[in-house]
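Visitor: My questions will all concern the structure given below.
Nothing in this text is a laboratory measurement; each read-out follows from the coordinates by a stated rule. Please read these numbers as outputs of a predicted model, since none were measured by experiment. Quick reminder, even Gly has a Cβ in these numbers, built from the backbone with ideal geometry, and neighbours come from all protein chains shown.
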Amino acid sequence: MSFKRRTDRPTAPATLVSTGLPSLDDILGGGLPLSCSLVLIAPDLHTEYGELVQRYFVAQGLASQQHVCIVGPADWVHGCMWLSADAAMDSDVQPPSEEKVKIAWRYEQMKQFQTTVATSATTSADACRTFDLSVRIPSAVVAGALADSRLSLVPVDTPERVLVSLTNTLASHTAPLRICIPAFGSPYWGDLKPQDVLYFLHRLRALLRRHPHACASTNLAAELSPDSAGWHQKLGWISDGAITMTAFTSDPALAAAFPALHGLVHINALPAPRGLVPASDRFSTLRGAAMGGGENNLGFKCTRKRLMFETLHLNVEGGVAERRTSAPATIVQPATAPAPRRASDAVVRIQVEGSTTEAAAATVVMSAKQGKKGGKKVGFQSDRPEVYDF
Amino acid sequence: MFSPFDLPPGILLLVTDQLSSPADFVLHRALIDHLKATKSNTKTKVIVLSVSEDLARWKAIAAKSNLHLDQQSASGAFTFIDVLERVCPPNTDADSSIAPRPILLPILDAMASALGPPDTGHDTLVIMDDLAALDWLGFPVLDVTRFCRALHAMCRKANATLLLRQHVLTPSAADPILDDLFRALRQMCTYHLEVLPLTSGRSGAVSGQVALHAGPGMLRSGVKLLPRSSALQYKLTDGGAVFFERGMGAGVL
């Protein structure tokens, strides 16, 4: 016999857990595998996008009747979003109009340009629910989950004590468990040094490996998130998956360049618990690396009803919302004491070519009204239709 | 050691990698090739000192190459030592007047018992999967360096090959990231295998590139070195990596 059938399958595919965001699931290669840890880094001090993703993670767990463990107070859970009947229809997205736009026949069969992925209709309803950011989780749902022991809370303490509590929680569960650690490293955790943060995350990952029925999602407090001396790379090495969400609030130039997005997404590491290649490399539509080409740049957008991760594109005009073809006028202060001017006046300095004396330089104050060119007008004379008057 | 590099046994190979091009495949391939090598008179043995990777992942990846580590472990050919189960980083707030004791000594003891007496004639490979994590978790660099020296000395006595992996951090800004541990390791090694990402970013067709440099301990041998300018490119698959010359990969041309 030259071959035999392998009966045992030691490398069975890992069970995936949805993060509640279809686009983030796609980036992770279908979801977060059990026994893996995900770290969300949002360095912007003014926004809490990392925590928003965490709330999706918890809401998805509660909506699909899974066991959830949160390291934090119960109040935090009440801030989660919840399901609504019209959540699938985003108010910011224009519905397709009834009038059919006439386009060239050869382009008619082409798919519409998409920047994100939608919830797949083929997956089961529980796999990834559609949440609405304008709806809060009902108190009855939280109370019911606490009463059923589907939701367990671990108080914030020092990292060592939290690890002990998590070990006990994991030992008492046999069903799949989501562990959510919001704002890790905030002042409630004590005065943590970077090595304490890394040691906790490292131990947490080892704990998940010993209890492979659980997965953990952690987001770092904003003050621990800025990238200095390779900090994000260290977090990427220490955890299975690490994703940085850099909001544009810290950089207005980027906000102007990408008006459709609210921040950039950088993938530091992706989970590959049982192989050398992350599943995302093969299955992710958003990253686009499966096609053999380069990887797409990614960003995120938070509308009134939902958060989504998207591919990053420049606008039609090349990244700016309006054309910036006219150069700004250079303003030079005159040498002599100027006469009081109106705010709308512009100062233009003219120097005759070849002259070296300062006297040759004349300062002319132009009224903005005079200097402003009149807008182009196109006139059409009814008696002479062949002539346009510009 | 493993193709296509054909490194001699009994060396200290330093493997460095970056976050976007992890060198996991080098470690796993070294383990699989070593345990699968058929030698008539010598038994092969692999000892893994693990800081970051768990045993289940080693087993899962080896199983894809039809190598069952449970059987190898039962026969004594494979030993797995979890470093952080035996030691923990020192408490820096503790009283420093107490005489310092080598923190990583329990690992060396475990290593010595796993290696066995030096004249057993085993062809041994020792893999240390992550030294940078020890540094980041708070182990003093001096302790880690001394540990590596002691490990190297033990391996030389047993004529074993030592493979050390160190992560290299790339600076995001202009200021360089100083890494004393890497400098010490670079001075110690026989060869330095550098796994690099593509400078143009991630790609689906090419996962990264590998360069091979000579270390201070290199003896004269017929190993062909690969500078960065002519680094060998690779594409990761589930079972391992496929190497090809630059510009020769499927989907590249």
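Visitor: With a point put 7 Å past each Cα toward its Cβ, work out how far residue A:158 is from residue A:193 in nm, to one decimal.
Guide: For the pair residue A:158/residue A:193, the computed spacing is 1.4 nm.
Visitor: Could I ask something else about it? Over 10 Å intervals from 0, what percent of Cα-Cα pairs in chain B sits in each interval?
Guide: In order of increasing distance, the bins hold 6, 30, 36, 21, 6, 1, 0 percent.
Visitor: Report, to two decimal places, the Cα Rg of the range B:124-253 normalised by 2.2 N^0.38 Å (N = number of residues).
Guide: 1.19
Visitor: On to the next question. For the range A:230-317, what are Rg and Dmax over the alpha carbons, in angstrom?
Guide: Every Cα atom of the range A:230-317 included, Rg and Dmax give 14.5, 45 Å.
Visitor: Moving on. To the nearest whole number, what is the average tally of beta carbon atoms from other chains within 10 Å of the beta carbons of peptide B:229-240?
Guide: Average per residue, whole number: 2.
Visitor: So for each of A:60-68, B:50-58, A:32-40 I average, over its residues, the number of other beta carbons within 10 Å; can you give me the resulting order with the highest mean first?
Guide: Per-residue mean Cβ counts within 10 Å order the peptides as A:32-40, A:60-68, B:50-58.
Visitor: Follow-up. Starting from the Cα of residue B:172, step 7 Å toward the Cβ, then list every residue of the range A:209-230 with an amide N under 15 Å from that point.
Guide: Within reach of a label on residue B:172, which here means backbone N under 15 Å from a point 7 Å along Cα→Cβ, the range A:209-230 contributes A:220-230.
Visitor: Can you list residues from other chains, or at least 5 along the same chain, whose modelled amide H is less than 5 Å from the amide H of residue A:154?
Guide: Here the answer is A:70, A:71, A:72, since their amide H atoms fall under 5 Å of that of residue A:154.
Visitor: Turning to a different aspect of this structure: Amide H neighbours of residue A:214 under 5 Å, at least 5 residues apart or on other chains, H built in the peptide plane: list them.
Guide: A:35, A:177
Visitor: Separate question: What does the average come to when, for each residue of peptide A:189-195, you count the partner chain Cβ atoms lying within 10 Å of its Cβ?
Guide: Across A:189-195, the average partner-chain Cβ count within 10 Å equals 2.
Visitor: Could you check the simple spin-label distance between residue A:312 and residue B:159, using points 7 Å along Cα→Cβ, in nm with one decimal?
Guide: Modelled inter-label distance: 5.5 nm.
Visitor: Count, for each residue of A:273-283, the Cβ atoms from other chains sitting within 10 Å of its Cβ, then give me the mean as a whole number.
Guide: For peptide A:273-283, the averaged partner shielding equals 5.
Visitor: Would you please give the FRET efficiency between residue A:83 and residue A:148, computed as 1/(1 + (r/R0)^6) with r the Cβ-Cβ distance and R0 = 30 Å, to the nearest 0.05?
Guide: Computed FRET efficiency for residue A:83 and residue A:148 comes out at 0.95.
Visitor: Oh, and also: Rounded to the nearest Å, what's the spacing between the alpha carbon centres of the range A:296-315 and the range B:142-221? Just the number, please.
Guide: Cα centroid to Cα centroid, the span is 38 Å.
Visitor: Could you tally the net charge around residue A:48, taking each other residue with its Cβ under 13 Å from the Cβ of residue A:48, Lys/Arg +1 and Asp/Glu -1?
Guide: Summing Lys/Arg as +1 and Asp/Glu as -1 gives -2.
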